[in-house]
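Here the structure comes first, spelled out in structure tokens, and everything after it is commentary.
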Ligand SMILES: Nc1ncnc2c1ncn2[C@@H]1O[C@H](COP(=O)(O)OP(=O)(O)O)[C@@H](O)[C@H]1O
Ligand SMILES: [Mg+2]
């Protein structure tokens, strides 16, 4: 038995399946993430990594199986999904900032409309977060005037604004020009230092190696490897992982 | 000058002006109601509720698939036969609004559907409800994309308003016809109201363009 406070899973997927029409994308995934853990999810494109992540905050409804979060089953009709989602921040590959809102309004919107925090308080929190991600000067800019790296840092601030218990990242640096990858990874490293619980779908093996406590490898809708980075890279559990790693510079 | 009948226009100008005001009044009321119908219709078209979607689709299909003039005559001449007298002004504004609303429904739907899926996903991932995501994220962006086609639709509505002269609403066209029947000055009178229509439609389209430019700050 794991220790309740440190080792207890904050998110757990049990027998998770997801089909789109006849196409089964997740074929029974069991995964748990402990409080404070940083999990890297890697695997070939189309293997179901995004779908897995999106099932965790119910952006996709699992076809079968269970998702547990903070001790309760959340893929259950009686659950207030919107409340649950405020506890899980999500960062997307293509940022998905709200282009019609200024940077600060991107960060305050859900604070005000979902958590009903006062404008003043929401702004103060947004300013603090923007300062943290190095974009204090951009609060009144519109997203389209920002670089990709800046956009992604705003997106991280936006997700953090609700004080989530977990952050889900779906290839946060894959759409960025190479010179902007580092600034986003640096922001994520900072979150790791602060003890944030994170699940990160990524192709950045450097980040996975230094930041993740555990790496899972997804292939054709199944988790085929689950190991700490040292073991994952030095002694891959499966032939698929070995083949995958050979093709990627690490 | 009198060959072209410009003096007839001059004398009856107050009547034409009054007609123009009625045209503007009818158009403005139909525009507001039509926009409301378009917004509700557009939201119904993208609703997760099948019956709502079906109802809105049927509305658009029937209204766009029949001539406006038949709709207008149906309300004005056929309704009384089942005991429903509709005053000319009510029939005019109501029919124009319902007609324009069908086209605006498709404009609203198109604009909503043109907003990237990621926008709603980001909003939902932050805990916004479906309705909040629509209200705070999708509609404000969709509104900007609606403006150019809406501008066209408003112009079309203004021009269609001439048809309500056929149910005795004394707007610009009917005023003109009354003057002509007394003066026989077809050339001058039709030319004049042509200019007047053009001024009105120009104001409408310039107005929507200005609004679009003002709202476009973030693009
Ligand atoms: N909304 C959807 N509708 C239909 N198929 C989808 C949808 N989302 C993902 N898929 C399919 O599911 C498979 C896995 O996709 P995804 O989870 O995005 O993979 P990954 O993130 O690992 O690249 C792909 O074949 C993809 O085409
Ligand atoms: Mg993906």
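All of the numbers you see were taken from the coordinates with simple rules; none came from a lab. From a predicted model like this one, the values you see are computed outputs, not experimental measurements. Every residue, glycine among them, receives a Cβ derived from its backbone with ideal geometry; neighbour counts consider all protein chains shown.
Odds and ends about this structure:
- Normalised by residue number, the volume inside the convex hull of the Cα atoms of chain B is 135 Å³ per residue.
- Other protein chain C-beta atoms within 10 Å of residue C-beta, averaged over B:113-123: 4.
- Ordering of A:195-206, A:75-86 by packing is A:195-206, A:75-86, highest average first (other Cβ atoms within 10 Å, averaged per residue).
- Computed FRET value (nearest 0.05) for residue A:23 with residue A:231, which takes r as the C-beta separation and R₀ as 22 Å: 0.10
- In chain B, the DSSP-assigned H stretches of four residues or longer account for a calculated mean residue ellipticity at 222 nm of -24500 deg cm²/dmol, using -39500 (n - 2.57) per stretch and the full residue count as denominator.
- Legend: calculated FRET efficiency, residue A:119 to residue B:130, from the Cβ-Cβ distance at R0 = 22 Å, rounded to 0.05, equals 0.40.
- Shape of region A:78-171, Cα gyration tensor, a/c cut at 1.5: oblate
- Order of A:49, B:216 - criterion: other Cβ atoms within 10 Å of each residue's Cβ, fewest first: B:216, A:49
- Helix-only CD estimate at 222 nm, as mean residue ellipticity for chain A, using -39500 (n - 2.57) per DSSP H run (n ≥ 4): -10500 deg cm²/dmol
- Shape class of region A:201-250 from the alpha-carbon gyration tensor: rounded, with the ratio a/c of largest to smallest axis under 1.5.
- Which of A:30, A:105 has the fewest Cβ neighbours within 10 Å, and the rest in rising order: A:30, A:105
- In whole angstrom, the protein assembly as shown maps to an equivalent ellipsoid with semi-axes of 61, 24, 18, each derived as √(5λ) from the alpha carbon gyration tensor and ordered largest first.
- Between residue A:246 and residue A:179, the distance separating the two model label sites (each 7 Å from Cα on the Cα→Cβ line) works out to 3.6 nm.
- Whole-Å distance, taken between Cα centres, linking region B:161-219 and region B:1-70: 12
- Of the three principal axes defined by the Cα atoms of region A:22-135, the extents in descending order read 46, 34, 30 Å.
- At 0.890 mPa s and 25 °C, Stokes diffusion of chain A via Kirkwood alpha-carbon radius, µm² per second: 131
- Full-extension gain in nm, residue B:10 to residue B:198, via 0.36 nm per residue minus C-alpha separation: 65.8 nm
- Computed packing ranks the peptides B:37-43, A:57-63 as B:37-43, A:57-63, most packed first, by mean other Cβ atoms within 10 Å.
- Debye log10 I(q)/I(0) at q = 0.09, 0.14, 0.23 Å⁻¹ for region B:1-127, Cα point scatterers: -0.42, -0.77, -1.26
- Each of B:146, B:196, B:50 was scored by other Cβ atoms within 10 Å of its Cβ. Arranged with the fewest first, they read B:50, B:196, B:146.
- Label-to-label distance, nm, for residues given as residue B:182 and residue A:94 (7 Å Cα→Cβ offset): 6.4
- Degrees, to the nearest 10: A:148-160 long Cα axis against longest axis of chain A: 90
- In units of the rule-of-thumb radius 2.2 N^0.38 Å, region B:77-138 shows an alpha carbon radius of gyration of 1.84.
- Inter-chain Cβ neighbour average for residues A:98-111, partner chain, 10 Å: 4
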